[in-house]
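The values are calculated or read from the model by the stated rules, or taken from the named source; none is laboratory data. What you see is a predicted model, and the numbers here were worked out from it, not measured in a lab. A quick note on method: Cβ atoms are made from the backbone with ideal geometry, for glycine too, and the neighbour counts reach across all protein chains shown. Accessible surface is based on the protein model in full, side chains and every heavy atom, while ligands, DNA and RNA are left aside. Shrake-Rupley method; radii C 1.70, N 1.55, O 1.52, S 1.80 Å.
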Amino acid sequence: MIEVEDLLFTYESDGFTLRVPDLAVEDGAKVAFIGPSGSGKTTLFHLLAGILVPHSGRISVAGREVSGLPDAERRRFRIGTIGMIFQDFELLDHLTVRENILLPYYVNRALTLDGGVHERVEELARALGIGSYLRRRPAALSHGERQRAAICRALVTEPALVLADEPTGNLDPRNTDVILDLVFRLVEKRGTTFLMVTHDHSLLDRFDRTIDFMDFLPEAER
Ligand code: ADP
Ligand code: MG
């Protein structure tokens with residue numbers, strides 16, 4: 001699903017540099033990403049999603065070389081292939097929960113918003129326990145409920161790859177388990193590849209493997 005080779009990326013403004021010499025993730029794998037704050041986990045997810053472009057190296061996702069696509073095509077590819085659960089959810093306050101979940105269909109005309117999609121929104125929202133909140137705005141939801149809405153939005157397009165950036169960061173252990181069980185069930189059903197950043201080492205057993213960002217840091221900084 002993912003192949004990264006000799007990836008090099010630098011933020012010009014502060015000089016932070018991420019180097020990933022080699023990373024491969026098989027189709028359908030569930031992989032946890034750990035590492036200290038500021039080690040570049042979010043940056044790597046944004047590179048995989050084509051939100052950021054590497055300075056050199058190669059990133060291929062689902063057989064497409066993302067790093068080589070022109071802007072508009074990269075965006076289309078992202079919305080069609082990848083579901084993102086952002087660290088801060090990025091729900092739009094002026095839209096209802098339902099509209100937030102449907103957002104990928106509003107911004108990408110290549111995706112068709114038909115009756116099947118509307119049914120899927122209902123099903124996902126019900127499965128994640130927010131079925132009766134679809135007409136509310138995000139401000140009227142609890143933190144955990146907003147998170148579930150963000151998860152619904154990431155899954156509604158039935159993407160081949162889901163990137164989840166600390167999705168359970170602010171949840172208590174019981175809610176974390178419930179949410180993770182639901183997400184795992186949904187991704188396993190479809191053979192979705194699932195990458196998740198977490199600081200919670202008690203969750204690592206549930207993944208096929210763990211990638212530690214310490215391994216990408218220069219030796220002097222480890
Ligand atoms: P992590 O997710 O592992 O905590 P990030 O990928 O968010 O780490 O950040 C890695 C480093 O890059 C940090 O030092 C951070 O300050 C810097 N950084 C993150 N985003 C930006 C940005 N948009 N512009 C400049 N520097 C950034
Ligand atoms: Mg981060």
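Which longest uninterrupted range of the chain lacks any GluC sites (Glu not before Pro) assigned by DSSP to a loop state (not H, G, I, E or B) and surrounded by at most 16 other Cβ atoms within 10 Å?
Details: sites that count: E12, E26, E90.
Answer from the scan: 91-222.
Could you tell me which chymotrypsin sites (Phe, Trp or Tyr not before Pro) in segment 1-66 are loop residues by DSSP with no more than 13 other beta carbons within 10 angstrom of their beta carbon? Don't skip to the end; give the middle numbers.
Values: sites: F9, Y11, F16, F33, F45; in loops: Y11, F16.
Those satisfying the criteria are Y11, F16.
Accessible area per residue for segment 117-222 in Å², computed with a 1.4 Å probe and the full protein assembly in place, what is it?
Details: 5240 Å² over 106 residues.
Accessible area per residue: 49 Å².
Under the classification rounded if a/c is under 1.5, otherwise prolate if a/b is larger than b/c and oblate if not, where does segment 168-220 fall, given a ≥ b ≥ c as square roots of the Cα gyration tensor eigenvalues?
Numbers: a/c = 2.94, a/b = 1.52, b/c = 1.93.
Because a/c hits 1.5 or more and a/b fails to exceed b/c, segment 168-220 counts as oblate.
Using the Cα centre as the reference, give the magnitude of the dipole from point charges on the C-beta atoms of the chain (Lys, Arg: +1; Asp, Glu: -1; all else neutral), rounded to the nearest 20 debye. Show your work: numbers first, answer last.
Numbers: 26 positive and 34 negative charges, 188 e Å.
Computed about the Cα centre, the dipole is about 900 debye.
For the chain, take the longest principal axis of its alpha carbons; what is the angle in degrees between that and the long axis of helix 71-81, to the nearest 10 within 0 to 90?
60 degrees
Give the angle, between 0 and 90 degrees and rounded to the nearest 10, that separates the Cα long axis of helix 97-107 from the longest principal axis of the Cα atoms of the chain.
60 degrees
What is segment 1-133 by shape, rounded, prolate or oblate, if you read a ≥ b ≥ c off the alpha carbon gyration tensor as root eigenvalues and call it rounded for a/c under 1.5, prolate for a/b larger than b/c, and oblate otherwise?
prolate
Based on the Cβ-Cβ distance of A24 and R126, what FRET efficiency does E = 1/(1 + (r/R0)^6) give at R0 = 45 Å, to the nearest 0.05? Mind showing how you got there, number by number?
On the way: r = 36 Å, r/R0 = 0.80.
So, using R0 = 45 Å, E works out to roughly 0.80.
Considering only protein heavy atoms and a 1.4 Å probe, what is the carbon-and-sulfur percentage of the accessible area of segment 2-221?
Details: 4860 of 10580 Å².
Result for segment 2-221: 46 percent of the exposed heavy-atom area is carbon or sulfur.
Heavy-atom accessible area of D165 with all protein chains present, probe 1.4 Å, nearest 10 Å²?
Around 10 Å² of this residue is reachable by solvent.
How high is the relative contact order of the chain? Use alpha-carbon pairs under 8 Å, at least six apart in sequence, and give a whole percent.
Details: 363 pairs, mean separation 64.6, N = 222.
Answer for the chain is 29 percent.
How many percent of Cα pairs in segment 2-221 exceed 32 Å?
Values: 4020 of 24090 pairs.
In whole percent, the long-distance tail amounts to 17.
If a/c stays under 1.5 just call it rounded; otherwise compare a/b with b/c (prolate if a/b is bigger, oblate if not). Do that for segment 115-222, with a ≥ b ≥ c from the square roots of the Cα gyration tensor eigenvalues.
On the way: a/c = 2.27, a/b = 1.71, b/c = 1.32.
Taking the square roots of the gyration eigenvalues as a ≥ b ≥ c, segment 115-222 is prolate.
Cα centroids of segment 82-101 and segment 1-68: how far apart, whole angstrom?
23 Å
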